[in-house]
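Working notes, beginning with the structure itself.
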Amino acid sequence: MAPQFVLNLFIALLWVFLKDENTFYFSTFGNGFIVGIFIVFLMRRFFGGQFYLIGVYAIIKLVFLFISELLQSSVVVIKHILSPKINIEPGIFTYQTTLKGEWEVTTLALLLTLTPGSVVMEINPEGDVFYIHAMDINRYQADLEKSLKKFEKAIMEVTR
């Protein structure tokens, strides 16, 4: 992914130099970058990996998924805070993950911990079981597991 992006930047700079303009214009650089995208796309089989914009798209999709889950869980927590009687039942449950690498497991743990209402308390030494504390385990455990599955899928798209 990185060599493709560096080549694309090189093509864009080469485009700027070949235009032979007296000043640097971002529009010329942008046009060169777009031309570079097409050239790198045509040469992608020589790099051995997937086209780098697919990885960029997967990262952007993961960020938007996290923002969506963050907003949804924030609304749930705010409803609990603003209700006159707090009727929650906190608890701990385990979750078996399919992620394997250290980066993948750490990313999943951080994304879940950053969303309000749940915290990853511990990960077993093998890295495949999370111990998660939920604010209201009876009502929201299924929702948390659904969110974890979405995060896992998005993380695998980014890393694999």
**OP:** Could you pull the Rg and Dmax for the chain, using just the Cα atoms, both in Å?
**Re:** 22.1, 71
Original post:
Scanning the chain for GluC sites (Glu not before Pro) in DSSP loops with at most 10 other Cβ atoms within 10 Å, what's the longest stretch left with none?
Top reply: 22-125
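Rounded to the nearest 20 debye, what is the charge dipole size of the range 1-105 about its Cα centre when +1 sits on each Lys and Arg Cβ and -1 on each Asp and Glu Cβ?
With only Lys, Arg, Asp and Glu charged at Cβ, the dipole is about 200 debye.
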Original post:
Got a sec? Charge dipole of the chain, +1 on Cβ for Lys and Arg, -1 for Asp and Glu; which of Leu108, Val120, Leu65 is way out at the positive end?
Top reply: Leu65
**OP:** Give me the accessible area of Tyr25, 1.4 Å probe, in Å² rounded to the nearest 10.
**Re:** 110 Å²
**OP:** Identify, among Tyr95, Asn22, Asn8, the residue whose Cα sits farthest towards the positive end of the charge dipole of the chain, taking +1 on the Cβ of Lys and Arg and -1 on the Cβ of Asp and Glu, with the dipole about the Cα centre.
**Re:** Asn22
Original post:
Under a point spin-label approximation (7 Å from Cα along Cα-to-Cβ), what is the Val77-Asp128 distance to one decimal in nm?
Top reply: 3.1 nm
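Pairs Lys19/Lys61; Lys85/Lys149; Lys61/Lys146; Lys61/Lys85; Lys61/Lys100: which are spaced more than 28 Å apart, C-alpha to C-alpha?
Over 28 Å apart, Cα to Cα: Lys19/Lys61; Lys85/Lys149; Lys61/Lys85.
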**OP:** Any chance you could give the angle, 0 to 90 degrees and rounded to 10, that helix 2-19 forms with the longest Cα principal axis of the chain?
**Re:** 40 degrees
Subject >> Accessible heavy-atom area order of Val16, Val40, Val63, highest first, probe of 1.4 Å >> reply: Val63, Val16, Val40
Original post:
Do the sum for the chain: with -39,500 (n - 2.57) for every DSSP H run of n ≥ 4, divided by all residues, what is the mean residue ellipticity at 222 nm, to the nearest 500 deg cm²/dmol?
Top reply: -22000 deg cm²/dmol
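The values are calculated or read from the model by the stated rules, or taken from the named source; none is laboratory data. From a predicted model like this one, the values you see are computed outputs, not experimental measurements. Cβ: placed from backbone, ideal geometry, glycine included. Neighbour counts: every protein chain shown. Side chains included, ligands, DNA and RNA excluded: accessible areas come from the protein's heavy atoms. Shrake-Rupley method; radii C 1.70, N 1.55, O 1.52, S 1.80 Å.
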